[in-house]
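The structure appears right after this line, and notes come after that.
The values are calculated or read from the model by the stated rules, or taken from the named source; none is laboratory data. Please read all numbers here as calculations on a predicted model, not as lab measurements. Cβ atoms come from the backbone with ideal geometry, glycine included; neighbour counts cover every protein chain shown. Ligands, DNA and RNA are excluded from the accessible area calculation, which covers all protein heavy atoms including side chains. Shrake-Rupley method; radii C 1.70, N 1.55, O 1.52, S 1.80 Å.
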Amino acid sequence: MNAPLQVLSRNKPLIGLIVLMTAVAVMSPSFLTVDNLLNILRQTSINAVIAVGMTYVILSGGIDLSVGSVLALCGAVCAWLVAGDVSVWLAISLTLLLGAGLGAMNGAVVGFGGVQPFVATLVAMTMLRGATLVFTDGRPITTGTGAGADAFWSVGGGYVAGIPVPVVIAALVFTVFGLVLTRTRFGRYTYAVGGNEVVARLSGIRVGVQKVAIYGVAGLLAALAGVILTARLESAQPTAGAGYELDAIAAVVVGGTSLAGGRGTLFGTLVGALIIGVLNNALNLMDVSSYYQMIAKGAVILLAVLADGRRSQ
Amino acid sequence: MAPAPGTPDPDAILDLRGVDKAFNGVSVLEGVDFSLRAGEIMALIGENGAGKSTLMRIVTGIITADRATTMTWRGGPAGFATPRRAMDAGIAMIHQELNLLPHLTVAENIGLGREPLTRLGLIDRARLRRDAAALLARLRQPIDVDRPVGTLSVGQQQMVEIARALSLDARLLIMDEPTDALTDVETAVLFEVIRGLKAEGKGIVYISHRLGEIFTLCDSVTVLRDGRTVHRGPVAELDEATLIRHMVGRAITDQYPYLACPPGPERLAVEGVSAEGVRDVSFTAAGGEIVGFAGLMGAGRTELGKAIFGASPLRAGRIRVDGQEVRLRHPRDGITAGIAYVPEDRKAEGLIQPHSIRTNMSLAALARFCRPGGVIRRADERAAVDRFMAAFAVRARGIGAEVRTLSGGNQQKVSLAKALMLSPRVVILDEPTRGVDVGARREIYGLINELKAGGLCILLMSSDMPELLGLSDRILVMAGGRLTGRFARGEATQEAIMARAVG
Ligand SMILES: Nc1ncnc2c1ncn2[C@@H]1O[C@H](COP(=O)(O)OP(=O)(O)OP(=O)(O)O)[C@@H](O)[C@H]1O
Ligand SMILES: [Mg+2]
């Protein structure tokens, strides 16, 4: 077997993506156009950014259901800052810091409080959604017409060398966090904590601290997704991001990362996010109603989880 | 009496001939012959990775053979498709690695899958507990049947595992290294039970790396080497040296090499330490010294090791390393103080089973392969892992192989290498040769002695008495969490130690 084939045989999700794209290209001639492909990438970028953080959390043996609410609250705060004429970079930095802080709180509850990740982040999801509604008074916050508003818009709607800015950001996120995961101690510790917490502790890893940092990453990236979404829409919706946690989890799982923790790759998550993006796009191109889209998406996730179950036997 | 390789035995209840098995194209068993009669205790021995567990997993239907000329069980076909079918046919196995559910109680684990029911179809808990207690009484284990299994020591878990296998009342009982976590007292009880089963006409396959046990217990022996049957015959016709030669293909002299070192300065001082399961323990240990710890199961040796490492909190007492008092609140503090710990339970505490040899081996010492900022210098890491792979002669596909695909002994070597990669000043070895074959043991002892010569202070906790007596400079005996005896090398005898261990 030659090298590319070997890579394929070890990357079932990648085969799935190629098969899916081929099938859609045959069925719909407008699929394989530069515009449409860029469109898919742009639409996928928000989920992809969230899914990177979700990959860290799931690799560590946890789950984060609060990312959608973190996105909403951070988006609202960012819009409010920009509208209040805070400089764009400062507004974005403060927002990311807030997201990281909220995530770290999840991590502390899980890592030091010993609460199940599902429960801890479900609680955070509810509370932060409430906080968003309180903060926004239940109404959208527009970024206004101030000096920074235009510059801010380009974070979500602009282009660099013909490529949408969100796509560039997502690519950067994948590269940086991919390197962190495979090349640094932080990444190794993340795998170790998810692989076997007892072994990790006896190897000198401070499991609680590590979890604070891991959930912090998830919060940071959810906030980044919030910034992108808010910039693109030039306003923050209090209900933004509802259900996004499921898309992110789906991308991770479809990408072959084990829900049991300790096994998976960020490359897989990228492929998983693209599969979901292409699937959505194809169903739109073929005029399938969004109700059926949900069923189709569910079926794909089920397939991936079944495959994971077989693998771990 | 077992026949020579290749010849069939008309009286065999289990008869396997020409069994082949490969994993991912790598041949593990090649034309293996194995047979057993009713009422026979058959030893199955061989080096780590020789294929003993694989062969027995074929017999119990966990995996299937690729090819076999004959496989019969009591006259019928033996290639069972599932463990359930093998169990229904009267074959039970005690696996090498513990397979209990830690959150369930002892009774629940013993009865798992065969719970007695009341007339209403609910689990008859009273009977479940009674049956479990009766089985444990037969093994003379006063373990509370309501305790979650996860809170028991490895040895106690092993006894629960044995009780579960006994409860199946099988015609053939396969025991894959059942004593590797047991001390002499429990081993003696187990042997009595096994002899009872033999008298009832049951067949026993007994796998062990403690060769002494083969001569005390077994009638016949089958030796595997590199996936082939190299010897079959009665135990009475063999001596230990011949057996070893069959196993490893060469003679091993001096199985427990003692290295006399001039004692260095005091390295470790433990003063009045109390912790979970440990009461008021004081001792010192020098560089270039091996201090052995003897005791029965539950005597507190593992707990003491964990306390000295920082894995379980001290309730009282002080610990000094090289004269400096150290505060130990987390294993990381132990590592920082120059203490390394090799846990007895490699599956649950030592290694991350689905991860590679490489990431496991370097995990504790990762900081030394990092640039500031935590970027791993992967070439350095790789070189270090390669070095330990060679020094410990780990048999594996490569350093990327998942730990769970290694044989038990090779996993143990990886676990040891992981601790030694820290270049510690004090190393606590809890059952360091659990499941390790004679050849590899000899290599490990050689390495331990080299480290000793280099000034390392070694605490050796072992339930393998010849090993303890052979390697230690001093032996401390524990019972009920306390130190109950101290012996210098030469004064220590098995009897004297046992007298103190029983308390
Ligand atoms: N599931 C598997 N996948 C790949 N290789 C395997 C698998 N199981 C066992 N092996 C390989 O088969 C060989 C025989 O392993 P086995 O566990 O039977 O050895 P063993 O004789 O029981 O050794 P030990 O005394 O260490 O327990 C080893 O080289 C091992 O790495
Ligand atoms: Mg084995």
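The figures follow:
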item	result
Under the Debye formula (equal points on every Cα, no solvent term), log10 I(q)/I(0) of chain A at q = 0.15 Å⁻¹	-1.22
Pairwise label distance in nanometres, A:F118 with B:R318, each label 7 Å out on the Cα-Cβ vector	5.0
For the protein assembly as shown, size of Cβ-based charge dipole, Lys and Arg +1, Asp and Glu -1, in debye	600
Taking the convex hull of Cα positions in the protein assembly as shown, its mean projected area over all directions (nm²)	40.0
Karplus-derived 3J(HN,Hα), 6.51/-1.76/1.60, for each residue of the stretch A:112-117, Hz, glycine and proline x	9, x, x, 7, 4, x
For peptides B:46-59, B:246-259, sequence by mean Cβ density within 10 Å, most packed first	B:46-59, B:246-259
Inter-site label distance for A:V26 and B:R382 at 7 Å from Cα along Cβ, in nm	4.1
Probe 1.4 Å - accessible area at A:L302, Å² to nearest ten	110
Viscosity 0.890 mPa s, temperature 25 °C, Stokes-Einstein D of the stretch A:157-313 from Kirkwood C-alpha radius, µm²/s	140
Hz values of 3J(HN,Hα) by residue in the stretch A:258-268 - Karplus curve (6.51, -1.76, 1.60), Gly and Pro given as x	6, 5, 6, x, x, 9, x, 9, 6, 4, x
Amide H contacts under 5 Å for B:V281, placed H, 5+ residues apart	B:G272, B:V273, B:S274
B:V375-A:V209 FRET efficiency (beta carbon distance; Förster radius 25 Å; 0.05 resolution)	0.85
Other protein chain Cβ atoms within 10 Å, averaged over every residue that makes up B:364-373	3
Coarse-grained scattering of the stretch A:74-119 at q = 0.14 Å⁻¹, given as base-10 log I(q)/I(0) from a Debye sum over alpha-carbon atoms	-0.44
Protection proxy ranking of B:295-304, B:121-130 - average other beta-carbon atoms within 10 Å, highest first	B:295-304, B:121-130
Among A:V254, A:I275, A:G243 - extreme Cα towards positive end, dipole of the stretch A:223-313, charges at beta-carbon	A:V254
Residue-span extension gain [B:R74 to B:A199] - 0.36 nm each, minus C-alpha spacing	43.2 nm
The protein assembly as shown - accessible surface per residue (Å², probe 1.4 Å)	41
Descending semi-axes in Å of the stretch A:54-206, equivalent ellipsoid built from Cα gyration tensor	32, 21, 11
Per residue Cα convex hull volume in Å³ - calculated over chain B	158
Equivalent-ellipsoid semi-axes of the stretch B:350-423, from the Cα gyration tensor, Å, largest first	20, 12, 11
Chain B, relative contact order in percent, only Cα pairs under 8 angstrom and at least six apart counted	16
Isotropically averaged projected area of the stretch B:14-248, using the convex hull of Cα atoms (one quarter of hull area), nm²	13.3
Virtual paramagnetic centre 7 Å along Cα→Cβ of A:M294, amide N under 11 Å, in the stretch A:237-256	none
Heavy-atom SASA rank of A:I50, B:I62 (probe 1.4 Å, accessible area, largest first)	B:I62, A:I50
Estimated FRET transfer efficiency (A:D85, B:R329; beta-carbon r; R0 60 Å; 0.05)	0.80
Spin-label pair B:A188/B:T118, simplified geometry with 7 Å Cα→Cβ offset, distance in nm	4.3
Among B:A440, B:A367, B:Y256 - extreme Cα towards positive end, dipole of the protein assembly as shown, charges at beta-carbon	B:A367
Extreme residue, positive dipole direction of chain A, given options A:F31, A:T55, A:T126 (C-beta unit charges)	A:T55
Chain B, helix-only ellipticity at 222 nm - DSSP H runs n ≥ 4, -39,500 (n - 2.57), divided by all residues, nearest 500	-9500 deg cm²/dmol
Mean Cβ count within 10 Å, highest first, over the residues of peptides A:265-276, A:179-190, A:287-298	A:265-276, A:179-190, A:287-298
Lys, Arg +1 and Asp, Glu -1 on Cβ, resulting dipole of the stretch B:461-503 about Cα centre, debye, nearest 20	220
Phi to ³J(HN,Hα) by Karplus 6.51 cos²θ - 1.76 cosθ + 1.60 over the stretch A:238-250, Hz, x for Gly, Pro	x, 9, 4, x, 5, x, 5, 4, 5, 4, 5, 4, 4
Debye, to nearest 20: dipole size of the stretch A:201-313, +1 on Lys, Arg Cβ, -1 on Asp, Glu Cβ	580
